[in-house]
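Have a look at the structure below, then the notes.
The values are calculated or read from the model by the stated rules, or taken from the named source; none is laboratory data. On a predicted model such as this, the values are computed, not experimentally measured, just so you know. Glycine also receives a Cβ, built like all others from the backbone with ideal geometry; neighbour counts cover every protein chain displayed.
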Amino acid sequence: MNFFKQTLRELQISVIICGVLNILIGMWFPKSMLYYVFGGVLGTVTALVMTDNMARAIERAVSDEKRAAARIRFAYLFRYLIAIIVMVVACVSPYVNPIATFIGIFSLKFATYLTPLIHKINLKINPNSLESDGSEDCEEEQNDSESVAIGR
C-alpha cells in the first residue's frame, strides 16, 4: 500500500472515530436518541464519501497536470454540494437530527488533526504497514541513469 492510500485510510479511520464519539456523547442530550444516531451516521458517512472524493480528485489532478486546477475546483464544489444536499435532507426529515448530521460532516475537519496520532498508533501496531513511498524507486532510476552515463 502506498503512502497516499495509507494516509487516506488513516484519515477515514479518524473520521469514523470522530463520528462514533459524536454519536456516543451526543445521543444522551436530545429528546430522541435514535434520531440523533441517524443524523450522526448520515453525517459520518457523508464525511467518508467526501474523503474518498477528495482522494480521487487529487489522484486525477496529479495524473493530468493541464487540467489539475479545474479538476480540484470541480471536486471542491461537488463536495460542498453533497454537504448542502445532505444538510437540507437532514433539516427537512423528521427522523434525522440536523445538529448530529452537521457535527458528523464537520468531523472531517477534526479528523485531520487526529490523523497523525492514528498514524503513530498504526506504526506501533504494524511497523511494516507503510511500504516504500517511491523514493527507493527514484534512487534506483537515478543509479540506473548514472550507470548508463558512465557506460556500465
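The figures follow:
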read-out: Restricting segment 1-26 to residues that are farther than 15 Å from PRO116 by Cα and surrounded by 19 or more Cβ atoms within 10 Å (Cβ to Cβ), the residue that is modelled with the lowest pLDDT; value: GLY26
read-out: Candidates ALA57, ALA47, ALA111, filtered to the one that is free of Cβ contacts under 8 Å to residues at least 60 places away in the same chain, buried (at least 17 other Cβ atoms within 10 Å of the Cβ), under 24 Å from PHE4 (Cβ atoms) and not charged (D, E, K, R); value: ALA57
read-out: ILE58 vs. criteria closer than 24 Å to CYS18 by Cα and at pLDDT 90 or above; value: no
read-out: Given (1) more than 17 Å from the chain's Cα centre (by Cα); (2) modelled with pLDDT of 85 or more, index of the condition ASN126 fails; value: (2)
read-out: Tally of residues being over 16 Å from the mean Cα position of the chain (by Cα) and either over 13 Å from LEU34 (Cα atoms) or not in a loop (DSSP other than H, G, I, E, B) (or both) across segment 92-115; value: 7
read-out: Which listed residue is assigned to a helix (DSSP H, G or I) and over 15 Å from the mean Cα position of the chain (by Cα), from LEU21, LEU48; value: LEU21
read-out: Every residue from segment 77-108 that is among the hydroxyl-bearing types (Ser, Thr, Tyr) and touching a residue at least 12 places away in the same chain (Cβ under 8 Å); value: TYR95, THR101, SER107
read-out: Number of the condition not met by PHE29 [criteria: (1) surrounded by 18 or more Cβ atoms within 10 Å (Cβ to Cβ); (2) without any contact (Cβ under 8 Å) to a residue 24 or more places away in the chain; (3) not in a helix (DSSP H, G or I)]; value: (1)
read-out: Scan of segment 32-44 for residues that are out of contact with any helix residue (DSSP H, G or I) (no Cβ under 6 Å at 6 or more places or on another chain), over 23 Å from TYR113 (Cβ atoms) and assigned to a helix (DSSP H, G or I), ordered by number; value: MET33, LEU34, TYR35, PHE38
